[in-house]
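Enquirer: If you scroll down you'll find the structure; I have some questions about it.
The values are calculated or read from the model by the stated rules, or taken from the named source; none is laboratory data. Quantities reported herein were computed from a predicted structural model and do not represent experimental measurements. Here the Cβ is made from the backbone with ideal geometry for all residues, glycine too, and neighbour counts use every protein chain on show. Just the protein is used for accessible areas: all its heavy atoms, side chains included, with ligands, DNA and RNA removed. Shrake-Rupley method; radii C 1.70, N 1.55, O 1.52, S 1.80 Å.
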Amino acid sequence: MADWDLLLKDAHIATMRQGAPDYGVIDGGAIAIRGGMIDWIGSLADLPARSATETRSLSGRWVTPALIDCHTHLVFGGQRAEEYERRLRGVSYEEIAAEGGGILSTVRATRAASEEALHDAALARLRALAREGVATVEIKSGYGLDLDTELRMLRVARRLGESSGLTIRTTLLAAHTVPPEFANDADAYVDFVIDKILPATVAQDLADAVDAYCESIAFDARQVDRLFAAAKNLGLRVKLHADQLSDGGGAELAARFGALSADHLEYTSHEGVRALADSGTAAVLLPGAYLTLNEEQPPPVGELRDSGVPIAVATDCNPGTSPLCSIHFAMGLASRLFGLTPEECLAGVTREAARALGLGHHCGTLEAGKQADIAIWELDHPRELTYWLGPHPLSDLLIAGQFFSPNP
Ligand code: DI6
Ligand code: FE
């Protein structure tokens, strides 16, 4: 039996290793894969003399870690193009939410959708991401807001891991907004989430983390605090939609619970940034929502960077505030709207996105011992991944060492 299953050689490799300068580049590199994992990576000149079942020359192509979309809501029913048109005519997102539209209109469509319909629509979105080199996607619930539909969304998300071939991480976002059954009683709904939805989710092992929408139109910091305490008691990590439309102390709250990530952060204060830095919580920037909502205050990127907060970038794919299903476009927006460098954008959808999902040990960089999730590109340099807004020059995608076809 050969030592390696697959040897990729003659590649420019952007390893994106932590602390390595200039994308962690290895020119004239090789990657040896065994059992779906990277067994050896380095310069071809240093390649140990071992046998491989299959050897492929990449003819000087660029190789990066496969991309990771660490914040999506891509299981949902319907769409909200009509609401988007109303917003173009000047009606605000908060006004639409107050009328029972917004998130609640997607809740109605999602409750009415069959498990099959939810699965098939989400699978098409996942395949679009895979065609751009994405191997790992986080998917949240949050458009059910009742026991049955929240669990159905999470079951669909888990099933998508098998049907799509991508790695899926699931997040319970039952605290997305207050459902009509609990109108005007957010506290009672939070009790329901804590007493019913959370334990059922854990009993069926349907979620890898718990999220909440901490915002004036959803839940306040005190309510999220109660939910997170319950999640922690059940052994689940947390992440938070924080300070998107106003400073609700979300970053500080996320940090206090050692959250994997705090997401959005447009209105996060100096204290909030410091708290994230101290807790090692990743910042997930979501420029698709910023663009769609016509926001004017960008997240404090300079402060996050200077404080050493890990910065990830994601699509936030959702039918209301970020109808975006392209990680490349999210990278392009993060540089244009938020001032991230192309290298920060690539780190944001690889190494830092892995960290935001608690998968930093497993994927997100090209290093021996990590899963062989590898994207191969037709590029002159990886900075082009942020420069082009499309189309996307993916040549091949490997997931766990296997060549992956997004269009089976
Ligand atoms: N993520 C969310 O969950 C909310 N905003 C955001 O960026 C709202 C999603 C929605 O309107 O459906
Ligand atoms: Fe979101």
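Enquirer: For region 172-198, name all the residues that are outside any helix (DSSP H, G or I), away from ligand 2 (no atom under 16 Å from the Cβ) and in contact with an Asp or Glu (Cβ under 8 Å, 6 or more places away or on another chain).
Expert: Within region 172-198, the first condition is being outside any helix (DSSP H, G or I), and the residues that meet it are 172-179, 183-185.
Still in the running and away from ligand 2 (no atom under 16 Å from the Cβ): 178-179, 183-185.
Correct list: Val178, Pro179.
Enquirer: Do you know which residues across region 244-279 are at positive phi, buried (at least 24 other Cβ atoms within 10 Å of the Cβ) and more than 13 Å from ligand 2 (Cβ to nearest atom)? Write out each step before concluding.
Expert: Start the filter on region 244-279 by keeping residues that are at positive phi, which leaves 249, 258, 264-265.
Going one step further and asking which of them are buried (at least 24 other Cβ atoms within 10 Å of the Cβ), we end up with 264-265.
If the condition is that a residue be at positive phi, buried (at least 24 other Cβ atoms within 10 Å of the Cβ) and more than 13 Å from ligand 2 (Cβ to nearest atom), then no residue fits.
Enquirer: Take the conditions assigned to a loop (DSSP other than H, G, I, E, B) and either within 16 Å of ligand 1 (Cβ to nearest atom) or buried (at least 18 other Cβ atoms within 10 Å of the Cβ) (or both) and apply them to Leu151. Does it pass?
Expert: Numbers: assigned to a loop (DSSP other than H, G, I, E, B): no; either within 16 Å of ligand 1 (Cβ to nearest atom) or buried (at least 18 other Cβ atoms within 10 Å of the Cβ) (or both): yes.
Taking the combined requirement at face value, the residue does not satisfy it.
Enquirer: Same structure again: Tell me, please, whether a residue that is touching a Ser or Thr at 6+ places or on another chain (Cβ under 6 Å) and closer than 29 Å to Leu385 by Cβ can be found in region 73-84.
Expert: Taking every residue of region 73-84 in turn, at least one turns out to be touching a Ser or Thr at 6+ places or on another chain (Cβ under 6 Å) and closer than 29 Å to Leu385 by Cβ.
Enquirer: For region 170-185, how many residues are at pLDDT 95 or above and away from ligand 1 (no atom under 16 Å from the Cβ)? Talk me through it step by step, then tell me what you get.
Expert: To start, the set of residues in region 170-185 that are at pLDDT 95 or above comprises 170-182, 185.
Now narrow it down to the ones that are away from ligand 1 (no atom under 16 Å from the Cβ): 181-182, 185.
The number of residues fulfilling the criteria is 3.
Enquirer: Looking at Leu145, Leu67, Leu58, which one is in contact with a strand residue (DSSP E or B) (Cβ under 7 Å, 6 or more places away or on another chain), open to solvent by less than 60 Å² (accessible area, probe 1.4 Å), within 15 Å of ligand 1 (Cβ to nearest atom) and modelled with pLDDT of 95 or more?
Expert: On the way: Leu67 fails: within 15 Å of ligand 1 (Cβ to nearest atom); Leu58 fails: within 15 Å of ligand 1 (Cβ to nearest atom).
Answer to the check: Leu145.
Enquirer: If you scan region 183-213, which residues turn out to be of a type in the set (Gly, Ala, Ser), under 22 Å from Leu160 (Cβ atoms) and surrounded by 14 or more Cβ atoms within 10 Å (Cβ to Cβ)? Quick ask: steps written out before the conclusion?
Expert: Within region 183-213, the first condition is being of a type in the set (Gly, Ala, Ser), and the residues that meet it are 183, 186, 188, 200, 203, 207, 209, 212.
Now restrict to residues that are under 22 Å from Leu160 (Cβ atoms): 200, 203, 207, 209.
Ala200, Ala207, Ala209 - these are the residues of region 183-213 that are of a type in the set (Gly, Ala, Ser), under 22 Å from Leu160 (Cβ atoms) and surrounded by 14 or more Cβ atoms within 10 Å (Cβ to Cβ).
Enquirer: Counting residues that are within 13 Å of ligand 1 (Cβ to nearest atom), which helices (runs of 4 or more DSSP H) fully inside region 257-323 reach at least 3? Reasoning before the result, please.
Expert: Working: elements: 270-279, 287-292, 301-306.
In region 257-323, 287-292 are the helices (runs of 4 or more DSSP H) which contain 3 or more residues that are within 13 Å of ligand 1 (Cβ to nearest atom).
Enquirer: Taking Val193, is it more than 16 Å from ligand 1 (Cβ to nearest atom) and touching a strand residue (DSSP E or B) at 6+ places or on another chain (Cβ under 8 Å)? Reasoning before the result, please.
Expert: On the way: more than 16 Å from ligand 1 (Cβ to nearest atom): no; touching a strand residue (DSSP E or B) at 6+ places or on another chain (Cβ under 8 Å): yes.
Here the answer is no, as Val193 does not meet what is asked.
Enquirer: Could you say whether any residue in region 360-374 is surrounded by 24 or more Cβ atoms within 10 Å (Cβ to Cβ), in contact (Cβ under 8 Å) with a residue 24 or more places away in the chain, closer than 30 Å to Gly101 by Cα and within 18 Å of the chain's Cα centre (by Cα)?
Expert: Checked region 360-374: no residue is surrounded by 24 or more Cβ atoms within 10 Å (Cβ to Cβ), in contact (Cβ under 8 Å) with a residue 24 or more places away in the chain, closer than 30 Å to Gly101 by Cα and within 18 Å of the chain's Cα centre (by Cα).
Enquirer: Cβ-Cβ under 6 Å, sequence separation 6+ or interchain: first residue in region 88-110 and under 22 Å from Glu150 (Cα atoms), partner open to solvent by 30 Å² or more (accessible area, probe 1.4 Å). Which pairs?
Expert: Ala97/Ile217; Ala109/Gly78
Enquirer: Report yes if Ala81 is within 16 Å of ligand 1 (Cβ to nearest atom) and at pLDDT 95 or above, otherwise no. Full working, then the answer.
Expert: Numbers: within 16 Å of ligand 1 (Cβ to nearest atom): yes; at pLDDT 95 or above: yes.
Yes: the conditions hold for Ala81.
Enquirer: Now for a different question. Can you pull out every residue in region 87-114 that is open to solvent by less than 80 Å² (accessible area, probe 1.4 Å), within 19 Å of Asn294 (Cα to Cα), away from ligand 1 (no atom under 13 Å from the Cβ) and not in a loop (DSSP other than H, G, I, E, B)? Talk me through it step by step, then tell me what you get.
Expert: From region 87-114, those open to solvent by less than 80 Å² (accessible area, probe 1.4 Å) are 87, 90-94, 96-97, 100-107, 109-111, 113-114; that's our starting set.
Now drop any that are not within 19 Å of Asn294 (Cα to Cα), which leaves 87, 90-94, 96-97, 101-103.
This time we only want the ones that are away from ligand 1 (no atom under 13 Å from the Cβ), so: 90-91.
Those that are open to solvent by less than 80 Å² (accessible area, probe 1.4 Å), within 19 Å of Asn294 (Cα to Cα), away from ligand 1 (no atom under 13 Å from the Cβ) and not in a loop (DSSP other than H, G, I, E, B): none in region 87-114.
Enquirer: Check off (1) without any contact (Cβ under 8 Å) to a residue 12 or more places away in the chain; (2) within 15 Å of ligand 1 (Cβ to nearest atom) for Asp120 and give me the number that stays unchecked.
Expert: For Asp120, the exception is condition (2).
Enquirer: Scan region 231-243 for residues that are part of a strand (DSSP E or B) and either charged (D, E, K, R) or more than 15 Å from ligand 2 (Cβ to nearest atom) (or both) and report the count. Break it down stepwise before answering.
Expert: Within region 231-243, the first condition is being part of a strand (DSSP E or B), and the residues that meet it are 237-242.
So of that shortlist, the ones also either charged (D, E, K, R) or more than 15 Å from ligand 2 (Cβ to nearest atom) (or both) come out as 237, 239.
The total comes to 2.
Enquirer: Search region 214-230 for residues being open to solvent by 10 Å² or more (accessible area, probe 1.4 Å) and either of a type in the set (S, T, N, Q) or in a strand (DSSP E or B) (or both), and hand back the single one that is modelled with the highest pLDDT.
Expert: Gln223
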